[in-house]
Structure formats: structure tokens, C-alpha cells
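Peer 1: Would you mind keeping the following structure in view while I ask a few things?
The values are calculated or read from the model by the stated rules, or taken from the named source; none is laboratory data. Predicted model only: the values in this text are computed from it and were never measured. As a convention, Cβ positions derive from the backbone with ideal geometry for all residues, glycine included, and neighbour counts pool all protein chains shown. Surface areas here come from the heavy atoms of the whole protein model, side chains and all, with no ligands, DNA or RNA. Shrake-Rupley method; radii C 1.70, N 1.55, O 1.52, S 1.80 Å.
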Amino acid sequence: MPIWNNEMETIDRSRLEAMQLERLQKTVKKVYDNVVPYRERMEKAGVTPEDIKTLDDLSKLPFTTKDDLREYYPFGLFAVPLEEVTEIHASSGTTGKQVIGGLTENDVEMWAEIAARSLSAMGAEKGDVVHTSYGFGLFTGGFGAHYGARKIGAMAIPMSSGNSKRQIKLMKDLGSTYLCCTPSYAMSLAEVLYDMGYTKDDISLKGGVFGAEPWTEEMRREIEDKLGIKAYDIYGLTEVVGPGVSYECTEQAGMHINEDHFIAEVIDPETGETVPDGSMGELVFTCITKEAMPLIRYRTRDLCVVTKQKCKCGRTFARMSKPVGRTDDMLIIRGVNVFPSQIEEVLMRTDGIAPYYQIIVDRVNNKDTLDVLIEISSMGMSDEIRDLEQLTKNVSKELLSALGIKANVKLVEPKTITRSEGKAVRVIDKRILR
Ligand code: DLL
């Protein structure tokens, strides 16, 4: 399988680290000279750009957080004059407040490059038809996939999300070979494909470029099976650049981080200390080539494991595991930490239920409640009531053993849970809404 940028993607790690240090030093100097909040914080921490002599010295620099982005909204952390900025993106995040990402023309070019590396690593090339059903607009998904598809010379179809029947029709008519969208929308599209009376044999898809939300291995298998494709994971975030910060290769063994552009650290979210290679922690990125808004030690809140062990594909970039969730997605129910992905894992391996669910957390009489609404599949519908009771019991038992707390399982009829067209909203926490 050809590697898009062989020189970079298979770079010797000592050469990579020398390059990272040089780029880091330049970036730190740039933000110190041009971005007031960075300079003030560095002064407060007693660090100057000259103190960054090795990559380990990165840990001397203060972290940047999402709250900082909100405090200096919209342009307070930009390091170039605004006339150099040629593209703006934004994400509303879970709390609804806008977070801005700005790009210069060189930043857009870098984004196209890392998106091209991603698509190539997933086997896409010139001649492929790349159907992008991520939203186009302030969300980075659509444009990121589009820039990457164009760069590799594929035929780029900027569909955007929604109108699923039309998506399927065009997918058939145009012979789409790669589908880019959220994994939850891929599931919805698969459902519409079959509802329209087609099967995976009626479409030409080979691969999927899925990200923007957490998804499990179980969900991957389900999508691969339904659409007859290889489903790959892609990761990114607006503040850093968008999809392509890291990407899976055909080994499907973690996402390669584009380390010539971003330095990744994994920290203990409580203490801020670096955790050993291969341990779970919060991912922190430092942008070392970005011009418009080069974030320093940006705390993503995403929890994952990073390893520097070489991949079988030959790429030397470190790999991150699928994020299990975000520190701010973690639910604390009756004192127990619960990630929605743990619930998904159980549901996806249970027969007779469809892969659509909703988690509702509430507080009744001062006690947290956890309801898990699960759709039964049309097959499950034909079962006797007794079988459905048994199914409820089984799922409850599995959830108890996975989570350590009791969940109230409620089976609901097929097609009653809202289908996702972008990032799925799986959790309704009524405790917060009050
Ligand atoms: O979701 C960028 C993106 C678009 C990535 C398309 C991949 C594909 P934001 O809207 O700013 O940007 O959300 C970023 O989404 O911090 C993670 O919590 C989550 N996320 C992104 N990719 C993945 C993934 C885009 N592959 C936030 N697995 C990040 C799990 C992901 N979570």
C-alpha cells in the first residue's frame, strides 16, 4: 500500500524529534512575541522561549484549555495579523459555547496534506470516488475530508449530511467508493440503504472514513458488515485543525498522529503529570507548524492511550487508541464513573437489539437513576413477550457487570430512537438540565 508522504510518515524517530524540537522552539518564540495571553502566562510561570532546550522542556510551559479559548474568543489567541487568516471554523461543543479555529493559507495546505495522508492510509487513491457526508460549514468534517480527497486526486463529492435517501441514490449513481461521515450517520445510512430495498451489493463502497465521535470496535464490525467495507477511524478537533490530526492505516491498530505537525502528550487529568507510554490519560497537543492559532499544550479532554511502538504498516508516527470518551462526557452515577462507550460495547454484542440507544440519567428522590433505552430489531419484534423479558434481563445483567451499577433497561419499538446525521446525542443528563 503506497504511503502518501513516505519521507515524513516513516521518518526515523530521532530525526523526527530533532525536527519537532526546532519547530517547537520557533513556535514558542512566535507566541511569546505575538500573543499576549501566552506571554503573560509564561512570565508568570517563569519560562522564556530560551528555556526550551529539549522536547522534555515542553512540560515547563503552562497548559491551554477550552476555557482559555472561550475567554479570548474570538481572536485573542491568534498569532498572525487577521488579514493573514483565510478560513475560520467553529464547534459548539457539548456546552453550546463556540470555540473558534482559524487558519492561514499555509495552515489550510497543511490540513489538506494530513487529510491526504489519512485517506491514503485507508487505501483511497486517484480514481476513487470520495463521498463526504460530514456537514460542510463551520464544522471541520466536511471541508477536511474534501480537501484530502482533492489532494489525493480522487473525485470529491461534497454531499454534506442529511437527506439520506438522496445520499444513497447518489452513492449508487456516482459509484462512491469511500464514505466520510460520523460512525453513527454511517449506521443510519446503512439502515436507509436496506429500507430502500438495496443491500451492500448494490453499492460500490470499499472504505469508510469515520470519526468526530467515540465509537467502539463492536460498532466498527457492525458497520463493516452492513456496508461491506473496511471502516477506519479518523480523529481531529476544530481548535487544532479538524479531521486528520490522526488517522488509522489498513492495520486498524490505532491512529497515527501527524507528529511532524503536532506533539502529543498524555497526562493524568487530575495531576497534569505525564503518564508512562501506553497508559491511559488525557491527550494534550502542541501545534508546531500552525501559523494562525498555534495552541500550546492544549488539553483536549479526550482520554486515550498513546504508543510509540512501530506499526506493521511501516509508519513511525506514534499511535493513539480510540478515545474512550472525554473527561467531560464521563457520567458520575451514584458515585461510579461511567462512559457511554462502555454501554455501547455491551449493547453492540447483544443479539436481537438494533444498534440505536439512548442513555437517560436523572435524579429521583436524591438518588441517581440510569435508564438505557434500546431499540429491538425488527427480528426481535416477532419474539414472544417471554423472550423480550429474557432479553431485558440479559442486557441488565451484562450492563451491571460492565458498569458496576444497575441500569434500568427499557426496550423500545424499532425506529423510535432519533437517527443521527452528525454527532449522535446518546446521553440526556436531566440532572444538568434542572
Ligand atoms: O469532530 C473534527 C473531526 C471531523 C474529526 C470529522 C474526525 C472526523 P470537533 O467538532 O471540534 O471536531 O470535535 C472534536 O470530537 O475532541 C473528540 O472528543 C471527538 N472526536 C473527534 N474524532 C474522534 C474519533 C471534529 N475518531 C472532538 N473518536 C474531539 C472519538 C472523536 N472521538
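Peer 1: As an exercise, find the ratio Rg/Rh for the stretch 153-271 from alpha-carbon atoms, using the Kirkwood inverse-distance average for Rh.
Peer 2: In the stretch 153-271, Rg relative to Rh is 1.02.
Peer 1: Can you work out the FRET efficiency for the pair residue 44 and residue 389, with r the C-beta to C-beta distance and R0 = 60 Å, to the nearest 0.05?
Peer 2: Efficiency for this residue pair is about 0.45.
Peer 1: Under 1.5 on a/c is rounded, so check that first for the stretch 366-420, then, if it is not, pick prolate when a/b is larger than b/c and oblate when it is not; a ≥ b ≥ c are the square roots of the alpha carbon gyration tensor eigenvalues.
Peer 2: oblate
Peer 1: Quick one: grab Rg to one decimal and Dmax as a whole number for the stretch 67-135, Cα atoms only, in Å.
Peer 2: Every Cα atom of the stretch 67-135 included, Rg and Dmax give 15.5, 45 Å.
Peer 1: Do you know the relative contact order of the stretch 274-387, to the nearest whole percent, from alpha carbon pairs under 8 angstrom that are 6+ apart?
Peer 2: Over the stretch 274-387, the number comes to 15 percent.
Peer 1: Among residues other than residue 418 whose Cβ falls under 13 Å from its Cβ, what is the net charge (Lys/Arg +1, Asp/Glu -1)?
Peer 2: Overall, the nearby charge balance is +1.
Peer 1: If you average the sequence gap of Cα pairs under 8 Å that are 6 or more apart and divide by the length of the chain, what percent do you get for the contact order?
Peer 2: That works out to 14 percent.
Peer 1: Also, quick follow-up: What lysines does residue 169 reach when the alpha-carbon gap must be under 26 Å and sequence neighbours fewer than 8 apart in one chain are set aside?
Peer 2: List returned: 126, 151, 200, 206, 226, 230, 415, 423.
Peer 1: Any chance you could check the Cα centroid distance between the stretch 126-149 and the stretch 317-353 for me, in angstrom?
Peer 2: 27
Peer 1: Also: Name the lysines eligible as straight-distance cross-link partners of residue 66: C-alpha to C-alpha under 16 Å, and not fewer than 8 places from it in the same chain.
Peer 2: By straight Cα distance, residue 66 reaches 97.
Peer 1: Just the accessible area per residue of the stretch 184-256, please: how many Å² with a 1.4 Å probe?
Peer 2: On a per-residue basis, 30 Å².
Peer 1: What does the charge add up to near residue 369, with Lys and Arg as +1, Asp and Glu as -1, over the other residues with Cβ less than 13 Å from its Cβ?
Peer 2: My count for the surroundings of residue 369 gives +3.
Peer 1: Largest first and in whole Å, give the semi-axes of the stretch 298-434's equivalent ellipsoid, each being the square root of 5 times a Cα gyration tensor eigenvalue.
Peer 2: 30, 21, 14
Peer 1: Let me ask another. Sort the stretch 1-155 into rounded, prolate or oblate with this rule: let a ≥ b ≥ c be the square roots of the eigenvalues of the Cα gyration tensor; rounded if a/c is under 1.5, and if a/c is not under 1.5, prolate when a/b is larger than b/c, oblate otherwise.
Peer 2: It is oblate, given that a/c is not under 1.5 and a/b is not larger than b/c.
Peer 1: Using DSSP, restrict attention to beta bridges with both residues in the chain and report what percent are antiparallel, rounded to the nearest 5.
Peer 2: So the antiparallel bridges in the chain amount to around 65 percent.
Peer 1: Once ligands and nucleic acids are excluded and a 1.4 Å probe is used, how much of residue 308 is accessible, expressed in Å² to the nearest 10?
Peer 2: Spelled out: residue 308, probe radius 1.4 Å, area about 100 Å².
Peer 1: OK, next. Can you give the log10 of the normalised intensity I(q)/I(0) at q = 0.11 Å⁻¹, computed with Debye over equal Cα scatterers of the chain?
Peer 2: Scattering profile of the chain, log10 relative to I(0): -0.88.
Peer 1: Another question, then. Can you list the equivalent-ellipsoid semi-axes of the stretch 1-91, largest first and in whole Å, using the square root of 5 times each Cα gyration tensor eigenvalue?
Peer 2: Listed largest to smallest, the semi-axes of the stretch 1-91 are 27, 21, 12 Å.
Peer 1: Using the alpha carbon gyration tensor of the stretch 63-207, what are the three equivalent-ellipsoid semi-axes (square root of 5 times each eigenvalue), largest first, in whole Å?
Peer 2: 33, 19, 11
Peer 1: Could I ask something else about it? Apply the Karplus parameterisation 6.51 cos²θ - 1.76 cosθ + 1.60, with θ equal to phi minus 60°, to every residue of the stretch 28-39 and state each ³J(HN,Hα) to the nearest whole Hz, in sequence, with x for glycine and proline.
Peer 2: Rounded to whole hertz, the list is 4, 4, 5, 6, 4, 6, 10, 10, 4, x, 5, 4.
Peer 1: Defining a contact as two alpha carbons under 8 Å apart and six or more residues distant in sequence, what relative contact order in percent does the stretch 365-434 show?
Peer 2: In percent, rounded to a whole number, it is 43.
Peer 1: Given axes a ≥ b ≥ c from the Cα gyration tensor, I'd like to know whether the stretch 205-287 is rounded (a/c under 1.5), prolate (a/b larger than b/c) or oblate.
Peer 2: Prolate is the answer for the stretch 205-287, as a/c is 1.5 or above and a/b outweighs b/c.
Peer 1: Taking amide H positions as placed 1.01 Å from N in the peptide plane, with prolines and chain starts having none, which residues 5 or more places from residue 242, or on another chain, fall under 5 Å of its amide H?
Peer 2: 237
Peer 1: Given the C-alpha atoms of the stretch 194-237, compute the convex hull and give its volume per residue in Å³.
Peer 2: Given the Cα convex hull of the stretch 194-237, per-residue volume reads 84 Å³.
Peer 1: Still on this structure, I have one more. Using a cut-off of 11 Å between beta-carbons, work out the net charge of the residues near residue 126 (Lys and Arg +1, Asp and Glu -1, residue 126 not included).
Peer 2: 0
Peer 1: While we're on this one: Rounded to the nearest 500 deg cm²/dmol, what is the calculated helix-only ellipticity per residue at 222 nm for the chain, with -39500 (n - 2.57) per DSSP H run of length n ≥ 4?
Peer 2: Result for the chain: -10000 deg cm²/dmol, rounded to the nearest 500.
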